[in-house]
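Contents: one structure, followed by commentary.
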Amino acid sequence: MKHIINLYENINDTARNNSDCPHVILPEEIFFIISIIGVLENLMVLLAVIKNKNLQSPMYFFICSLAISDMLGSLYKILENILIMLRNMGYLKPRGNFETTADDIIDSLFILSLLGSIFSLSMIAADRYLTIFHALQYHSIVTMRRAIIVLMVTWTGCMGSAITMVIFSHHIPTVITFTSLFPLMLVFILCLYVHMFLLARSHARKILTLPRANMKGAITLTILLGVFIFCWAPFILHVLLMTFCPNNPYCACYMSLFQVNGMLIMCNAVIDPFIYAFRSPELRDAFKKMIFCSRYQ
């Protein structure tokens, strides 16, 4: 794998010798099972929105965007495991042209998953902000047509950025760009939260009169954001340490947890659908109808 993704194999031998921390190795079967569960769960989210007209709104479209991002993150690991299995069985020449091309595609999926998650959470944050403080104008501002255009432009930009980052993955500016998107997204959402807090103080009575669903959506976003930070921040830190202090024993000690950090990313895709179901009665009912279709017909 390339520099920006396959960091575990690229840890410098000097750093390994200087660090007494043993590398934590997790069975590939665990990654594979969690990835399969992540794909199936997020596929259920997409099918629930597609099959239920009452869920076909901009808010749920943005949630679908986040579900696609999570699904791509799980699909990345599944394809990587299949590629490794084929190589170990002798069907692929190590570092041959096909494997190199497949590596690039898989790496693109991984980066696309992170970029998609960052921009999807940002769109959900902006949507929640508009629902709370521009409730009367919300439906005229956030129309289905505009939501679809925003999603198309966002995903086109994410795909172009993912391909570019894979091509130039060995360059430090690419790593800096890759890792800086994470804090930039946090700053953007934090600014919205601060503004929401300041407005809430000056419009306390107005906030109390808003539908509970609007405030519930903001709480859901907070939970999604917290899970995203918890699951992705360790990997982002790993990328920075691998780039700027690969020979430092303390950095090497942290980097010995690479597979644990990768497992957290896989878990994010599994946790998010549970958050949707727990926080949204409409989506929860749609899941029940899909799972127990005969009972609800």
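Annotations for the structure displayed:
- For segment 57-90, a tally of residues being touching a residue at least 24 places away in the same chain (Cβ under 8 Å) and either over 24 Å from Ala162 (Cβ atoms) or part of a loop (DSSP other than H, G, I, E, B) (or both) returns 4.
- Qualifying positions in segment 24-42 - open to solvent by 60 Å² or more (accessible area, probe 1.4 Å) and either of a type in the set (A, V, I, L, M, F, W, C) or not in a helix (DSSP H, G or I) (or both): Ile25, Pro27, Ile30, Phe32, Ile33, Ile36, Ile37, Leu40
- Residue-level analysis places Ile236 outside the set of residues that are farther than 18 Å from Leu181 by Cβ, part of a helix (DSSP H, G or I) and either open to solvent by 60 Å² or more (accessible area, probe 1.4 Å) or β-branched (Val, Ile, Thr) (or both).
- Filtering segment 133-157 to residues that are touching a Ser or Thr at 6+ places or on another chain (Cβ under 9 Å) and in contact (Cβ under 8 Å) with a residue 40 or more places away in the chain leaves Val142, Met144, Ala147, Leu151, Thr154, Trp155.
- All positions within segment 275-288 that are open to solvent by 10 Å² or more (accessible area, probe 1.4 Å) and in contact (Cβ under 8 Å) with a residue 60 or more places away in the chain: Arg279, Ser280, Glu282, Phe287
The values are calculated or read from the model by the stated rules, or taken from the named source; none is laboratory data. Just so it is clear, the structure is predicted and the values come from calculations on it, not from any experiment. Don't worry about glycine lacking a Cβ; one is built from the backbone with ideal geometry, like all the others, and counts go over all protein chains shown. Each accessible area value is taken on the protein alone, full model and side chains, heavy atoms only, with ligands, DNA and RNA left out. Shrake-Rupley method; radii C 1.70, N 1.55, O 1.52, S 1.80 Å.
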